[in-house]
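Here is the structure we will look at, set down as structure tokens.
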């Protein structure tokens, strides 16, 4: 079988770096172009300097024109602008890592239709799709904590979420709240109750439970670590703990990267992997689901490659059997 020819646009950022690292070792992928106008002509390893010795690929100003699939690693709003000014053949598949096409109202652009790319929710649709809108990182962690309840029609009360993310979630550009001296030994909230990922979370829950109308009260935290998301999600429920755990296990029985753990989970179990770990427990009348992912892998680039595998009929786990770093 011919290898999938892959291009990346917006090649200097964190998500592009993760894509390159994984794709270089993907048995069915060939990386043909990494576009970065600000770095054109320079070796990729000059920006992603852990890749010294792994690749001699250089950044380019444009795609090679041979691509089967293009990953867009551009800032929010820039993917749409890129596609509007770039004449890509409709045969080229697009996987967009921005929020430009995630919502139903935004999924169409000049004849291209985007499918929301959460495999645990839309696997069959992704397999038939031409273009995929990759989910947000917080959205991935929170949805995976709630989808089984929605599918069973058991989300009948308000949902409360506290979730903390690493500094890489804010992107590569240095800002006041991403610098080491500010972030280390520190903790803060941002966008309380108004985070942009709430829109896609709500749409996915209503896809499974049409009558869902409860509030999702989400407080995001900036963590003093580089990567990962740890979310605590709770809601009132009349399910017992055993019933809830069985519901989650059945829902994710065919999901290779999402696991329901009997033991309480922690972030180091998932960092550098495409896993989502979930733990479900009942405390009085509250059902508490904890969810842990790597924001750059399952929350972005790993999930994007998972979607690529589905788009091209490859095994879902291909190239994604990554090792966590516990110590």
If one takes the longest principal axis of the Cα atoms in the chain, at what angle in degrees, from 0 to 90 and to the nearest 10, does the Cα axis of helix 302-311 lie? 80 degrees
As a footprinting exposure proxy, order 262, 96, 68 by other Cβ within 10 Å, with the fewest listed first. 262, 68, 96
Top of 140, 61, 165 by mean-square fluctuation, Gaussian network on the chain, Cα under 10 Å: 61
Given springs between every Cα pair under 10 Å in a Gaussian network model of the chain, which of 86, 258, 240 has the largest fluctuation? 86
Pull out the extension gain between residue 246 and residue 284, defined as 0.36 nm times the separation in residues minus the alpha carbon to alpha carbon distance; nm, one decimal. 11.8 nm
Could you point to the label whose value was computed as mean projected area of the Cα convex hull in nm² for the structure here, given [x] 14.3; [y] 32.3; [z] 16.7? [z]
So what is the calculated 222 nm ellipticity per residue for the chain, using -39500 (n - 2.57) for each DSSP H run with n of 4 or more, over all residues, to the nearest 500 deg cm²/dmol? -7000 deg cm²/dmol
DSSP-defined antiparallel bridges as percent of all bridges, the stretch 105-249, nearest 5: 50 percent
Roughly how many whole Å is it from the C-alpha centroid of the stretch 109-153 to that of the stretch 193-270? 14 Å
Simple spin-label estimate for residue 106/residue 3, 7 Å along Cα→Cβ, in nm, reads 3.3 nm
Any idea what angle helix 14-23 forms with the longest principal axis of the chain, computed on alpha-carbon atoms, 0 to 90 degrees, nearest 10? 80 degrees
Simple SL model, points at 7 angstrom along Cα→Cβ for residue 56 and residue 210; separation in nm is 6.0 nm
Starting from the Cα of residue 128, step 7 Å along the direction of its Cβ; do the same at residue 157; then give the gap between the two resulting points in nm. 3.8 nm
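Computed from the coordinates by the stated procedures, all read-outs in this text should not be read as laboratory data. Fair warning: this is a prediction, and the values are worked out from it, not measured in the lab. For neighbour counting, all protein chains shown are included, and Cβ atoms are generated from backbone atoms with ideal geometry for every residue, glycine included.
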